[in-house]
Every structure is written in structure tokens, then in C-alpha cells.
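Accompanying notes for the structure given below.
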Amino acid sequence: MVDDNRRGDDERGPGAAYQMFVVMEDLLDKLKLLDYEEEVLAKHNMKALSRHYFASSAYMPSNPGEQFFMFTIIASWLINAAGRPFEQPQEYDDPNATVSNILSQLRAFGGLVDFPPSKLKAGSGEHVCYVLDRLAEEALKERVFSWRRPNYPTEEMEEESVMEDDAELTLSKVEEEMTEEPDDCEEENVMDLEALKSRTNQSEARLSSKPDNILESNMDAAEWNLEVERVLPQLKVTIRTDHKDWRIHVDQMHQHQDGIKSSLKEAKGYLDKLQEEIGKTLEKVGSREKYINNQLEHLIQNYRSAQSKLSEARECYQQGSGGVTERTRVLAEVSDHITHSKPQYAGHSRTMFS
């Protein structure tokens, strides 16, 4: 089950990263058994899920917002199908609260939750597939669904097509004739023993009366060749290839291996040439860079000296502007003091002259 897949990657092995695709395919089959096309897709006007919709991958385009909304809709429907009341979440609901409610219902069903709730906010991944698969199992239990053993169809032997040319023989016919001939011989030997004895007596008589001279054939060679050419098509044996035979697959593997080797050899030559050209281009760029640095070295030094002089001038300006500001402040204080002192001086002068 998926519970065992919640361990670390080091403990699960290299195939654990692709386990979510298997879980997603099983989940899609369970959703189809629960008739999610009519109860969810048709109700919300949504498209059917692909085989790996909730399985995240670097090579697959994903839409986290759409996937998260689809996850919440299906999860709420499965919880209701499993016999527990659950309000359907809306798009403006808090994602954290929605995920917490779904996980609390999963714990109530006895599901193992040993991952942070933030893993579900992406809308895809191993944990999303696990939660939906676990809820789908509970919904199937509520509807009293049980898996049955598959009934495999009996494979019928393909009837070999009879070729129009009667001169060609198939290997199966040759084997049948070879297997049938001994049976016929046995029946003849068993049923007609008297004929066998007569044949042996005749053969013994022939051996006893063998001719003194060597027998020579009086058949014309040209007629013999014509007869051989006429009978030759009937002696042709055609062996039909079976595509299920492992030998054919081995031959194909060798052919593909040879093709890969030849293509790799050709591609390697192009790649070596490309590497050589890239190396030459990098050398040219490096030499141009060194040349430009040597030509602009005195300008860079002048720029650095001018920049240092500019910084010194800025410091002097800041110091001078600070002194001017201080003197301006003192002048303002003296002016204020004079302004306040003028009425007093005027009063003193009136009292002195009066």
C-alpha cells in the first residue's frame, strides 16, 4: 500500500520517485469505479483527469492553483461518499483550513499522516496522490465494492492460412506427416502380417537370384532433369516465422545494437569536431580579451586615479559644507540675539536722553 511509501528515499530504493505515477493510475481507476465523471466532472463542468494529473514531474506542465482546487473538490466528494458529512470548499476559502479539515477526516478514517500539511498546498505530488487514494478506498468500502480476480480469455490458436500454391508445404504439415506415417505403418504391420511375410519371402528370392552383371539405367538425362524441375516446387518447405519467438527479438536487439554503435560512431566524430571548434573559439576570445586589457590598462589607471581624486574632492566638499552649515547656524543665532536686543537698547536710549 501507499503507507509503506512514506519512508525516506534512502530506505525505499531508486524506484520510489516513480511510485506516485503508479498510485495515480490506481487512483484514476478507483475514481472511474465511483463514477466521478457524472458526480464531479459533469457537476462542476471540468475536464477528465489525465493518467498522471496529480503526479508532479519536472517534465510535465502543472498548474498549482487549478490542481489544488481539483484536489479539494475530489477530496470533499470522496469524504461524503465514504459516509462522513463534509462541506465542499470554495475558491476563496483559506487553503490552510481546507487542508487541515481534509487531514482530520483522513485521520478519522485511520489513515497515516506523517507529513506537514504544506505538502498538499502544491496540488500535486506523492502526498496528494496518497490522500486521494486512501479516501477513494474508504469510499469503495462504503459502497461495498470488492475486487475480483481477473478472467483471462483463452487464447485460441491461429489457424494457418492455406496458400494458393499447392506446391508449397508448411513445416506443420511436414511434422504431421512425419508423426502420422509411423502410426500407419504400425497399423499395417499389425493388421496385415501375412503380407509382410510374403514381402520378406520375395525379397529373399530376389537376393538369391541377383544378376551377375551391374544394373545400368536406361533413363535419358534430359528427361530426368525435366522431371526434377517439375517435382522441385513440391519439395519446397516454407517455415513461417512466429513473432512471439524470443529468437526474433534477440535478432532485433542485435540489429538495434549495431545501428546504435554505427550512429554513435558517426555522432562522436561530429561531437569531437564541435568540441575542437569550441576550444579554438574560446582561445580566440581569451586572446582578444588579453589584448583589450593591455590596450586599455593606462586608461583604467587614469580612471582609477581620477576616481580617487573625485572621492578626495567630495570629502573636502563635505567638510567645507559642514563648516558653512555651522557658521550659518551661528550667524542665525547672533541675528536672533540682535533682533531681541534691539528693543532693549531702544528703551535704554530713551531713558538716558529723557
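The values are calculated or read from the model by the stated rules, or taken from the named source; none is laboratory data. In this text the structure is predicted, and so the values were computed from the model without any measurement. FYI the Cβ positions are ideal-geometry reconstructions off the backbone, even for glycines, and counts take in every protein chain you see.
Results, tabulated for the structure shown:
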quantity	calculated
Residue, surrounded by the most Cβ atoms within 10 Å (Cβ to Cβ), within segment 90-115, restricted to residues that are more than 32 Å from the chain's Cα centre (by Cα) and under 19 Å from residue 46 (Cβ atoms)	93
Residues satisfying the stated conditions in segment 27-44, i.e. surrounded by fewer than 14 Cβ atoms within 10 Å (Cβ to Cβ) and in a loop (DSSP other than H, G, I, E, B)	35
Given (1) surrounded by 10 or more Cβ atoms within 10 Å (Cβ to Cβ); (2) within 59 Å of the chain's Cα centre (by Cα); (3) at pLDDT 90 or above, number of the condition residue 252 does not satisfy	(3)
Where a residue in segment 130-143 is touching a residue at least 24 places away in the same chain (Cβ under 8 Å) and under 23 Å from residue 115 (Cβ atoms) and its partner, wherever it lies, is part of a helix (DSSP H, G or I) and of a type in the set (Gly, Ala, Ser), with Cβ under 8 Å and at least six apart	131/75; 132/75; 135/75; 139/81
Subset tally (residues that are at pLDDT 80 or above and crowded, with 17+ Cβ neighbours inside 10 Å) for segment 56-70	4
Hey, residue 134 in contact with a Leu (Cβ under 8 Å, 6 or more places away or on another chain), within 18 Å of residue 78 (Cα to Cα) and either loosely packed, with under 12 Cβ neighbours inside 10 Å or of a type outside the set (Val, Ile, Thr) (or both) or not	yes
